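Visitor: Quick one: this structure, given as structure tokens, is what I'll be asking you about.
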Amino acid sequence: MMFQDYIFYIFAAILLFAGLRVITARNPVHAALFLVLAFFTAAGIWLLLEAEFLAIVLVLVYVGAVMVLFLFVVMMLDINLDKLREGFWEYLPMAGFIGVLMAAEMVMILGSKNFGVDRVGAPPPKPADYSNTAELGRVLYSDYLLTFELAAVVLLVAIIAAIALTLRDRKDTKFIDPADQVKVKRADRIRMVSMPAFKEPLEQDAADNTEPKDKA
Amino acid sequence: MSNIFSDLITALPEIFVLGMAMFILLLDLFLKPSQRGLIFWLSQLTLAGAATITVITHTPAVSYAFNGMFVDDPMADALKVMTYIGTAMMFVYTRHYLSLRGMFRGEYYALVLFAMVGMMVMISGQNFLTLYMGLELLSLCLYALVALDRDNPRATEAAMKYFVLGALASGMLLYGMSMMYGATGSLNIAEVGESLMQGAPTYSMLILGLVFIVAGLAFKLGAVPFQMWVPDVYHGSPTAMTMLIGSVPKLAAFAMVIRLLVQGLYVVAVDWQGMLVIMAVLSIAIGNVAAIAQTNIKRMLAYSTISHIGFLLFGLMSASMNGFASSMFYVSAYVLMTLAGFGMILLLSRQGFEAENLDDLKGLNQRSPWNAFLMLIVMFSMAGVPPTLGFYAKFTVLQAALEAGFVGLVIFAVLMAAVGAFYYLRVVKLMYFDEPQDTSPIDAPTGMRVMLSVNAIGLLVLGLMPQALMGISAYAMFYSIQ
């Protein structure tokens with residue numbers, strides 16, 4: 001075995017362990033952190049496969065952005081673990097049986113019998129100046145242009161859907177449109193009332209006013 | 001990249017609808033609620049424009065675009081035109097219902113048009129990736145549309161169920177596609193077909209992939225044993241959204257089945273034939289028997305959908321040109337019947353009242369004889385009573401299955417259709433022989449009433465003269481599948 005093989009097996013073992021812990025960890029925050037570990041080791045395996053760009057993107061996008069956001073959400077939610085795990089033992093025999101069956105089938109088919117190096121063949125080594133990123137960019141904008149654009153549309157729909165489902169016109173909001181604020185004219189705010197600076201007191205008032213003075 | 005213009009012209013209907021959807025979304029921001037009618041008419045105009053483009057650019061020849069990722073063949077054109085017609089009818093039916101429930105918003109129209117782009121891409125997908133992206137675009141819009149009535153807990157629950165099971169189905173489909181890629185080394189459907197023709201690479205791997213692909217497709221179609229989501233989602237969604245889920249997307253799902261199983265994996269037809277046989281038989285049996293027990297009309301129509309999908313699979317499992325053409329005929333007939341059926345439910349709903357239970361149909365004949373007659377036609381058509389369209393659709397599908405040698409299964413299907421007739425005719429009995437529980441007048445705009453009349457009478461007329469639709473189906477299949 002070469003050095004790279006050892007690295008691969010170490011990464012693979014960590015990846016499997018982390019993946020298992022994601023679904024078995026009691027604390028959702030721990031589960032999310034194990035998912036970060038799983039992504040990180042998967043990125044390591046991709047590096048071994050010489051897919052540098054994908055490896056870095058996996059770390060940047062998934063570990064750096066998606067999972068951090070996810071962690072915040074998990075921390076903010078008040079998750080009742082006991083309620084979530086209700087019925088776990090009840091479903092375990094059936095689910096476990098199906099899981100083991102599927103795993104066995106996949107081992108039978110995905111083993112080295114069908115995917116061994118003798119059948120598929122190792123890819124030819126790339127020259128030193130081969131740029132994984134440039135190649136990906138080239139096919140993304142030429143061969144896979146249509147699917148790339150469609151992915152953009154899917155993301156647009158996701159934005160529209162998220163806004164349509166969460167945006168509410170709240171009646172109690174104190175928000176003021178700045179445009180309306182700027183457009184305000186003086187006439188909208190103050191009413192000019194013509195009033196003499198000095199007003200002759202009426203006869204009656206004058207009489208009323210003088211009376212208390214006399215009393216005092 | 002010199003041929004990008006010819007690529008763009010091949011995909012012109014999609015680009016047009018996409019552009020209009022974005023325009024409508026933006027325009028909606030500048031409109032007052034009282035001007036929303038403009039959005040409605042603009043959406044209809046979009047559909048008309050797309051139909052014009054599709055018809056004008058139609059040729060019997062098959063043309064590929066975007067490095068073989070996208071195909072424009074007669075089947076794609078025919079199914080796209082049917083999609084436009086179905087969507088336009090749906091817009092007419094749902095307008096009043098939506099405006100009464102505060103959902104008559106620009107987002108609804110934009111999302112439906114985006115969903116339609118997804119369907120069009122599915123119909124024209126010639127690559128596993130394109131098909132998958134189209135499917136995701138469609139599904140994402142549908143999840144959001146079901147949840148659009150966000151203060152309704154039932155709709156939210158339905159959206160959640162739909163989303164989780166839909167994601168599971170997408171995962172299965174993707175896994176199957178990845179197996180196919182492993183087995184054949186290509187994602188392009190034509191190349192996959194060719195490489196399989198030259199000799200099976202690894203049979204077991206191919207079959208594992210096939211199982212996952214068929215399971216994913218069955219999930220999306222709602223065939224037994226992957227039907228669990230159908231009744232719940234149909235029941236929980238606002239009726240306008242149920243109408244959308246139940247009708248036009250089935251055209252796209254049918255196209256996807258043809259692209260994947262027939263154009264891509266025809267070499268292993270014997271294997272998928274067996275799977276489809278099991279699903280077809282179970283769908284017809286469970287759909288028809290479970291529908292009898294329903295008291296909610298939306299649930300009843302959901303189980304009826306499952307049985308219709310069973311009949312659709314009968315045509316597909318024949319794996320013959322005749323079978324595919326009759327399946328296409330069946331799916332278009334199904335869309336027209338579903339639109340009319342849900343159209344009637346929408347017609348009977350009013351402000352603050354959802355016509356959902358079978359009891360709401362009681363004595364419809366006394367309240368409105370004409371609408372009762374229309375519903376009679378729809379129910380007869382769904383049951384497959386001659387001379388309606390539903391009869392002819394079932395007849396051609398079963399005929400194709402008979403030609404393929406499935407004599408026992410055809411007899412079984414006919415028996416099950418007779419069982420199914422029970423619950424359709426029960427609706428007729430409720431309408432004509434029971435006293436109405438609800439005597440309030442039917443409140444619906446004229447456009448919707450006219451649409452329903454045209455739709456239901458259309459079922460009768462097309463049933464008497466099915467040659468045109470059958471001719472289109474046969475033509476589309478003949479020129480699209482080599």
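The values are calculated or read from the model by the stated rules, or taken from the named source; none is laboratory data. As the structure is a prediction and not an experimental result, all values here were calculated from the model. Cβ sites come from the backbone with ideal geometry, for glycine too, and all protein chains shown count toward neighbours. Quick note on the areas: whole protein, heavy atoms, side chains included, nothing else; ligands and nucleic acids left out. Shrake-Rupley method; radii C 1.70, N 1.55, O 1.52, S 1.80 Å.
Visitor: Relative to the longest principal axis of the C-alpha atoms of chain A, give the angle of the C-alpha long axis of helix A:67-76, reported between 0 and 90° and rounded to the nearest 10°.
Guide: Helix A:67-76 sits at roughly 50 degrees to that axis.
Visitor: Grab the DSSP H runs of chain B that are 4 residues or longer, score each as -39,500 (n - 2.57), total them, divide by all residues and round the 222 nm result to the nearest 500 deg cm²/dmol.
Guide: -25000 deg cm²/dmol
Visitor: May I ask for the Kirkwood hydrodynamic radius of segment B:1-92, worked out over all distinct Cα pairs and given in angstroms to one decimal?
Guide: 14.4
Visitor: What translational D, rounded to a whole number of µm²/s, comes out for chain A from Stokes-Einstein when the hydrodynamic radius is the Kirkwood one over Cα pairs, at 37 °C and 0.692 mPa s?
Guide: D, rounded to a whole number, is 127 µm²/s.
Visitor: Which chymotrypsin sites (Phe, Trp or Tyr not before Pro) in segment B:1-84 pass both tests, a DSSP loop state and at most 11 other beta-carbon atoms within 10 Å?
Guide: Those that pass, being in a loop and sparsely packed, are B:Phe30.
Visitor: In Å² (nearest 100), what accessible area is buried between B and A, both sides summed, heavy protein atoms only, 1.4 Å probe?
Guide: Interface between B and A: roughly 2700 Å².
Visitor: Which whole-number value in Å² is the accessible area per residue of chain B, probe 1.4 Å?
Guide: Result: 34 Å² per residue.
Visitor: Follow-up question, since we're still on this one. Against the empirical 2.2 N^0.38 Å scaling, what ratio does the C-alpha Rg of segment B:183-317 come to?
Guide: Cα-based Rg divided by the globular estimate yields 1.16.
Visitor: If ligands, DNA and RNA are left out, what is the accessible area of A:Val61 with a 1.4 Å probe, given in Å² to the nearest 10?
Guide: Spelled out: A:Val61, probe radius 1.4 Å, area about 70 Å².
Visitor: Using only alpha-carbon positions, what ratio does the radius of gyration of segment B:320-449 give when scaled by 2.2 N^0.38 Å?
Guide: Computed over Cα atoms of segment B:320-449, the ratio equals 1.22.
Visitor: OK, next. Among all stretches of chain A without exposed trypsin sites (Lys or Arg not before Pro) (DSSP loop, at most 16 other Cβ atoms within 10 Å), which one is longest?
Guide: A:86-167
Visitor: What do the square roots of 5 times the Cα gyration tensor eigenvalues come to for chain B, in whole Å, largest first, as semi-axes of the equivalent ellipsoid?
Guide: 34, 27, 20
Visitor: Another one. Where does segment B:397-482 land on Rg/Rh, using Cα atoms and the Kirkwood Rh?
Guide: My calculation puts Rg/Rh at 1.12.
Visitor: Please list 3J(HN,Hα) in residue order for segment A:20-32, calculated via the Karplus relation 6.51 cos²θ - 1.76 cosθ + 1.60 where θ = phi - 60°; whole Hz, with x for glycine and proline.
Guide: These are the phi-based 3J(HN,Hα) values: 5, 5, 4, 8, 9, 4, 6, 8, x, 5, 4, 4, 5 Hz.
Visitor: Once the convex hull of the C-alpha atoms of segment B:241-280 is built, how many Å³ does it hold per residue, rounded to a whole number?
Guide: For segment B:241-280, the hull spanned by Cα atoms encloses 58 Å³ per residue.
Visitor: List every residue whose amide H lies under 5 Å from the amide H of B:Asn357, counting only residues 5 or more places away in sequence or on a different chain, with H placed 1.01 Å from N in the peptide plane.
Guide: Here B:Ile297 satisfy the definition.
Visitor: Quick check on chain A: helices-only [θ] at 222 nm, where DSSP H runs of length 4 and up contribute -39,500 (n - 2.57) each and the sum goes over total residues. Nearest 500, please.
Guide: Theoretical 222 nm ellipticity from helices: -21000 deg cm²/dmol.
Visitor: Arrange the residues B:Thr156, B:Thr388, B:Thr184 by how much accessible surface each exposes, largest first, with a 1.4 angstrom probe.
Guide: Per-residue accessible area, sorted high to low, gives B:Thr156, B:Thr184, B:Thr388.
Visitor: Mind checking the dipole of the protein assembly as shown: about its Cα centre, +1 per Lys or Arg Cβ, -1 per Asp or Glu Cβ, Debye to the nearest 20?
Guide: 860
Visitor: Sticking with this one: Hey, if we sort A:Ser194, B:Ser318, B:Ser195 by accessible area with the 1.4 Å probe, largest down, what's the order?
Guide: In descending accessible area the options line up as A:Ser194, B:Ser195, B:Ser318.
Visitor: Give the Rg/Rh ratio for segment B:82-154, taking Rg as the radius of gyration of the Cα atoms and Rh as the Kirkwood radius, to two decimals.
Guide: 1.03
Visitor: Determine how large the accessible area of A:Ile176 is when every protein chain is in place; take a 1.4 Å probe and give Å² rounded to the nearest 10.
Guide: My reading of the accessible area for A:Ile176 is about 100 Å².
Visitor: Would you mind working out the accessible area per residue for chain A, using a 1.4 Å probe, and quoting it in Å²?
Guide: 82
Visitor: Can you give the convex hull volume per residue for the Cα atoms of segment B:132-263, as a whole number of Å³?
Guide: Per residue, the Cα convex hull of segment B:132-263 comes to 88 Å³.
Visitor: Now a separate question. Taking Rh as the Kirkwood radius computed over C-alpha pairs, what is the Stokes-Einstein D of segment A:1-90 at 20 °C in a medium of viscosity 1.002 mPa s, expressed in µm² per second?
Guide: 149
Visitor: As an exercise, identify the chymotrypsin sites (Phe, Trp or Tyr not before Pro) in segment A:76-180 lying in DSSP coil whose Cβ has no more than 15 other Cβ atoms within 10 Å.
Guide: A:Tyr130, A:Phe175
Visitor: Select from segment B:44-82 all residues whose loss of accessible area on going from the chain by itself to the full protein assembly reaches 40 Å² or more (probe 1.4 Å).
Guide: Going by heavy-atom accessible area, the residues of segment B:44-82 that drop by at least 40 Å² are B:Phe66, B:Asn67, B:Met69.
Visitor: Also: Given the convex hull of the Cα atoms of the protein assembly as shown, what is a quarter of its surface area in nm²?
Guide: 48.9
Visitor: Roughly speaking, to the nearest percent, how much of the protein assembly as shown's 1.4 Å accessible area is carbon and sulfur?
Guide: Carbon and sulfur atoms account for 69 percent of the accessible area of the protein assembly as shown.
Visitor: Next question. Which helices pass in chain B if a helix is a full DSSP H run, must span at least 24 angstrom along its long axis by Cα, and must have mean Kyte-Doolittle hydropathy not below -0.5?
Guide: TM-like helix candidates: B:12-29, B:37-56, B:74-100, B:106-124, B:128-146, B:153-184, B:203-221, B:269-292, B:297-317, B:321-348, B:407-433, B:446-464.
Visitor: A further question follows. As an exercise, take the mean of 1/r over every pair of distinct alpha carbons in segment B:18-66, invert it, and state the Kirkwood radius in angstroms.
Guide: 12.7
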